[in-house]
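Engineer: Just passing along the structure, written as structure tokens.
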Amino acid sequence: MLVLIAIILTVIPALIILYPLLKRVGSTELLKDESSLTSELNRRWDSVVAGLRTAELEFSIGNLSHDDYKWIKNTYAKETAQIMEAMELQEEEENELMESLEQEIERAKLELASEKESEDQS
């Protein structure tokens with residue numbers, strides 16, 4: 001009886017300790033690729049938004065002169081335009097890739113169908 005209680009007292013804490021590890025191994029979540037272009041563009045976008053908010057706050061408090069505020073705002077506007085252009089280019093590249101993939105699939109289907117017809121005729 002004493003042995004059974006000792007085993008239970010060691011198994012329960014072990015399960016409590018190992019449960020998060022076992023749960024993490026079994027999870028099917030895909031890890032986000034933080035080095036991707038989309039992630040980089042999102043980080044830059046967040047940085048621009050935060051910078052604009054800070055500039056607005058500093059200007060409203062009076063810590064920034066009107067000229068400095070205009071310069072910062074123009075700089076962030078240029079950065080925003082670059083980010084948006086990069087996002088559009090990435091979207092265009094993705095669309096082109098999808099179109100070429102669909103064309104390859106259609107070619108493969110046609111080749112498979114022609115091979116099947118030639119086998120049926122033989």
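Engineer: Can you spot a residue in the range 77-99 that is of a type in the set (S, T, Y), modelled with pLDDT under 85 and in a helix (DSSP H, G or I)?
Structural biologist: If we filter the range 77-99 for residues that are of a type in the set (S, T, Y), which is where we start, we get 80.
Okay, now just the ones that are also modelled with pLDDT under 85, so none.
No, the range 77-99 contains no residue that is of a type in the set (S, T, Y), modelled with pLDDT under 85 and in a helix (DSSP H, G or I).
Engineer: Scan S114, S118, S100 and give me the residue that is surrounded by fewer than 10 Cβ atoms within 10 Å (Cβ to Cβ) and small (G, A, S). I'd like the intermediate steps shown before the answer.
Structural biologist: Values: S114 fails: surrounded by fewer than 10 Cβ atoms within 10 Å (Cβ to Cβ); S100 fails: surrounded by fewer than 10 Cβ atoms within 10 Å (Cβ to Cβ).
Within the list S114, S118, S100, the selection yields S118.
Engineer: Can you confirm whether the range 70-88 contains a residue that is more than 23 Å from L41 (Cβ to Cβ) and surrounded by 10 or more Cβ atoms within 10 Å (Cβ to Cβ)? Can you show your working first?
Structural biologist: Taking the range 70-88 first, the residues more than 23 Å from L41 (Cβ to Cβ) are 70-71.
Checking the rest, the ones that are also surrounded by 10 or more Cβ atoms within 10 Å (Cβ to Cβ) come to 70-71.
So far as the range 70-88 goes, yes, one or more of its residues are more than 23 Å from L41 (Cβ to Cβ) and surrounded by 10 or more Cβ atoms within 10 Å (Cβ to Cβ).
Engineer: From the list L41, L64, which one is touching a helix residue (DSSP H, G or I) at 6+ places or on another chain (Cβ under 7 Å) and not in a helix (DSSP H, G or I)? Spell out how you get there, then give the answer.
Structural biologist: Working: L41 fails: not in a helix (DSSP H, G or I).
That would be L64, the only listed residue that is touching a helix residue (DSSP H, G or I) at 6+ places or on another chain (Cβ under 7 Å) and not in a helix (DSSP H, G or I).
The values are calculated or read from the model by the stated rules, or taken from the named source; none is laboratory data. Only a predicted model underlies this, so the values are computations on that prediction, with no experimental measurement involved. With ideal geometry, Cβ positions are generated from the backbone for all residues, glycine too; neighbour counts draw on all protein chains shown.
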